[in-house]
Every structure is written in C-alpha cells, then in structure tokens.
Amino acid sequence: PGNVRELENILERAFTLCEEDRIGSDDLQMGNAPMAPGTEGSSASAQDDHITVPDGEVDLEGYLENIERQTIEKALEATRWNKTAAAKRLGISFRALRYRLKKLGME
C-alpha cells in the first residue's frame, strides 16, 4: 500500500471478508502489489469458493457493510454479547469493535 489510508482500507476490507478468527495473508488482497513467495494464486482460488455475488448492479459499500454486520452479530451471539470476547474472536481490539458497532448503528 502507498499510504496509511490505503492500508486502513485494505485491513478493513480484509476484516470484513475474513472467514477465520484472524486475518491471514490470503485475506490481504492488495491489487497489483507483489505477493509473498509461494502464495501466488492461493488467495483468489480460496475466496472464490465462498463469495456469492448478487446478480445485476451491486452497491459494493452496502454489500460489504451487510457482511460486516452479519459477521459481528455472529461473533456477539457466539460470545453471549460479550463485546470483549467478541472482539478477541474477531481478531480486533475492543476499541475497534466499538467503532464498528457505532459505524454500523449496532450499539
């Protein structure tokens, strides 16, 4: 990434699309940035199996927000709405979870 904002966007997108408890190198799709040795092609093939794209025109921001909302809700349900445990399960800080809850209107 070329700057801090770009890095933030990449990490936010990786968090949203990540299916594990932690963000892995496969989740960090950085466009034309060089991949680490031995990882070429693994990210696209792994993610293509799990992504369902709606037909027709897609509001990407809304679509990603919906996925993020569902992921956070599942983590909260799995931890009986314990925000600290949910944040840990999502691999983010408690503060980041609070920010996302506020951003998504889930407080």
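Read-outs throughout are calculated quantities, based only on the coordinates presented, and are distinct from any laboratory measurement. All values derive from a computational prediction rather than experimental measurement. So basically every Cβ, Gly included, is an ideal-geometry build from the backbone, and we count neighbours across all protein chains shown.
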Problem - GLU61 paired with LEU104, simple spin-label distance in nm, labels 7 Å along Cα-to-beta-carbon - result: 1.7
Problem - Residues PHE15, PHE94 arranged by fewest to most Cβ contacts within 10 Å - result: PHE94, PHE15
